[in-house]
Amino acid sequence: MSITANDPSAAETTSPAPANPGQFTVTRTGDTSADLTVFYSVSGTATNGTDYSTLSGSATILAGQSSATIDVMPLNDYLTEGDAVVLTLTSDAAYTLADPTSATVRIADNPYPSSSWSAAGPRSGCWTPTRGA
């Protein structure tokens with residue numbers, strides 16, 4: 001069992017821009033006749049569930065498949081942090097670990113909310129900041 005970051009670059013985005021996720025792939029060798037659940041720990045400077053959508057700590061490689069992907073969906077927090085997500089495979093009796101057993105996805109920041117110019121409002125022609133979705 002090994003893990004790689006097949007898309008090691010994720011980025012926070014502001015709506016309506018599409019999400020820019022990163023992605024890990026866990027790969028097994030040998031018998032693929034049954035589903036296999038792979039366990040991993042999450043670390044790094046990014047916070048699980050705050051800087052990106054929550055990762056569960058496990059992934060299932062389906063029967064007949066040799067790999068499964070784990071997506072890292074960044075959540076825009078408008079902070080400059082330089083986040084990294086590190087997944088490390090954990091031991092289990094159902095599989096044997098092989099190098100590499102950890103991989104990293106980096107999350108590029110989007111520290112600025114979107115803004116717009118508005119001729120309406122309390123003072124005509126004022127700059128009106130708006131927070132992106």
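Coordinate-derived values only; no laboratory data. All values derive from a computational prediction rather than experimental measurement. All Cβ positions, even for glycine, are placed from backbone atoms using ideal geometry, and neighbour counts span all protein chains on display.
Some notes on this structure:
- Within the stretch 28-70, tally of residues that are surrounded by fewer than 14 Cβ atoms within 10 Å (Cβ to Cβ), touching a Leu at 6+ places or on another chain (Cβ under 9 Å) and among the acidic types (Asp, Glu): 1
- Pairs where the first residue, in the stretch 17-31, is under 26 Å from residue 94 (Cβ atoms) and touching a residue at least 40 places away in the same chain (Cβ under 8 Å) and the second is in a loop (DSSP other than H, G, I, E, B) and hydrophobic (A, V, I, L, M, F, W, C), C-beta under 7 Å, 6+ apart: 26/1; 28/1
- Yes/no for residue 87 being without any contact (Cβ under 8 Å) to a residue 60 or more places away in the chain, among the aliphatic types (A, V, I, L, M) and crowded, with 17+ Cβ neighbours inside 10 Å: no
- Here residue 37 does not fit the description of being over 12 Å from the mean Cα position of the chain (by Cα), polar (S, T, N, Q), farther than 18 Å from residue 105 by Cα and not in a strand (DSSP E or B).
- The lone criterion from (1) on the phi < 0 side of the Ramachandran plot; (2) of a type outside the set (A, V, I, L, M); (3) touching a residue at least 40 places away in the same chain (Cβ under 8 Å) left unmet by residue 44 is number (1).
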